[in-house]
Amino acid sequence: GALTVIKTTDRTQTYNAVGDVIEYTITVTNSGNVTLTDINVSDANADNTAVGNIPSLAVGASQNFTALHTVTQADLDAGAVYNVAVAKGKDPKDRDVEGSSTDNNPLDPTDPDNPPVDPTCPECTIVEIDQEGALTVIKTTDRTQTYNAVGDVIEYTITVTNSGNVTLTDINVSDANADNIAVGNIPSLAVGASQNFTAQHTVTQADLDAGAVYNVAVAKGKDPKDRDVEGSSTDNNPLDPTDPDNPPVDP
């Protein structure tokens, strides 16, 4: 008795968000020479691990099942979903017959853009998850304050948000025009999470002569594959550039 299990999915689909659903087709074939019975099909990484049952399967016959996997944040951080389906049945002498799935259209393991093969599961069907690391930085200040003397201190609030779809780590926040250029560090920032920092700039004579202080904050971190992710600050309440009383925008 023998069972052959093929597990495939449509790799033209894009999966890049928690809640995306990957649909697999699992084909179970009796590749032996005796009728098999009570075949249970399972997938440990499917939303419903018990995929289905085949009461009896003749020699050469096949049956298809559909299994679903809902993408999690852990999948996004890993950059791929790995899983394997298993079929277990009985031969006419009540002996166990088992087959684990293979992928008849596997990703090329030599392509560096593809997720690596899991050495603990070389036959796993691999679905790539699109990782999109992004940082949004907002920098604001209280413009109701008056700054007209050397030594006045401008206080800024810098808000760093993980606006991508993967957890980011070792995020360094800096501001080249702040009194302390190294504003702060975020060891780890979950998707959608934010952290605030305060930066200060002490007004100089050059600032008074220029009539304005211009600066930008930058956040630089790493995605789960150690790739650089960077964001530069914007002002969510900018001065009106068409008002002649306002300082000009620095091109």
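Laboratory data are not the source of any read-out in this text; all were calculated from the coordinates shown. These numbers were taken from a predicted model, which means no experiment stands behind them. We place every Cβ from the backbone using ideal geometry, glycine too, and count neighbours over all the protein chains shown.
Things to note:
- Among residues other than residue 151 with Cβ under 12 Å from its Cβ, the summed charge is -3 (Lys and Arg +1, Asp and Glu -1).
- Additional length obtainable on full extension of the chain from residue 16 to residue 53, 0.36 nm per residue less Cα span: 10.1 nm
- Charge tally for residue 67 (other residues, Cβ to Cβ under 11 Å; Lys, Arg +1; Asp, Glu -1): -2.
- Distance between the C-alpha centres of the range 43-89 and the range 192-229: 48 Å, rounded to the whole angstrom.
- Distance-filtered residues of the range 203-230 - backbone nitrogen under 16 Å, label point 7 angstrom along residue 149 Cα→Cβ: 203-205, 208
- Phi angles across the range 27-44 convert, under the Karplus curve 6.51 cos²θ - 1.76 cosθ + 1.60 with θ = phi - 60°, into 3J(HN,Hα) values of 10, 9, 10, 7, 9, x, 10, 9, 5, 10, 10, 6, 8, 9, 10, 9, 8, 5 Hz, Gly and Pro given as x.
- Cα pair count fraction exceeding 21 Å, expressed as % - the range 3-128: 41
- Residue 114 sits among other residues whose Cβ lies under 10 Å from its own Cβ, and their net charge, with Lys and Arg +1 and Asp and Glu -1, is -4.
- Cα→Cβ-extended label distance, 7 Å offset, between residue 222 and residue 70, nm: 3.2
- Over 25 Å [Cα-Cα, the chain], rounded percent: 60
- In plain terms, the chain from residue 198 to residue 234 could stretch by 11.4 nm, reckoned as 0.36 nm per residue minus the Cα-Cα distance.
- Pairs of Lys residues in the chain are counted when their Cα atoms are under 22 angstrom apart and they lie 8 or more places apart or on different chains; the count is 4.
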